[in-house]
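Every number in this text was worked out from the coordinates using simple rules, so none of it is lab data. Computed from a predicted structure; not experimentally measured. Please note: Cβ atoms are built from the backbone with ideal geometry, for glycine as well, and neighbour counts cover all protein chains shown.
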Amino acid sequence: MKIQRSFGFSLLLLPLLLLASYLMARGPQGSGKKYVCSETNPETMCNAATTCGSASTPCTVDVKRSANAASVTPDIPNAKSNRPFCVKVGTTVTWKSSSKNTGFVLDFGPTSPFEQGTIIGGSDRSVSAVAKNVGCHKFSAGACVSGSIYGMCGNVDTEIVVISGGQ
């Protein structure tokens with residue numbers, strides 16, 4: 001009898017495991033999104049609609065805690081959260097949070113587009129950095145609401161492409 005129950009439970013669990021595997025294989029946020037940085041020429045995605053700021057105009061990026069994760073949105077008309085965006089070398093990128101009482105951490109790993117590594121800021125402290133290193137850079141953004149309890153922080157992985165042509 002115990003063997004039959006275990007087998008029955010395993011049969012119920014199998015579809016859930018297959019669904020989870022399928023969703024993970026689809027990519028970040030289950031959207032089927034491919035990383036731009038894994039493509040041969042990621043800079044080809046850079047155009048007026050995906051490039052933020054310039055050498056004379058800063059790029060402002062809003063980092064917030066969204067309903068189910070974190071969101072990173074550059075100040076580009078019609079920009080969508082958590083999508084790759086481009087900046088030119090020499091562009092000052094200002095990371096801020098428009099959400100009240102929100103803190104954020106941006107981790108670029110060993111290859112940061114800026115001269116500094118991890119960026120830590122929040123709604124009461126914007127952080128500016130100048131893009132220096134050409135290339136495609138994956139980064140992780142985490143955002144938490146002040147005084148939050150377990151589960152109130154969110155994170156997301158996204159990308160920034162730094163292209164030459166600035167300054």
Got a sec? How would E43, E159 order by Cβ neighbour count within 10 Å, fewest to most?
E43, E159
For T111, what is the net charge nearby, where nearby means another residue's Cβ is under 15 Å from its Cβ and Lys, Arg count +1, Asp, Glu -1?
-2
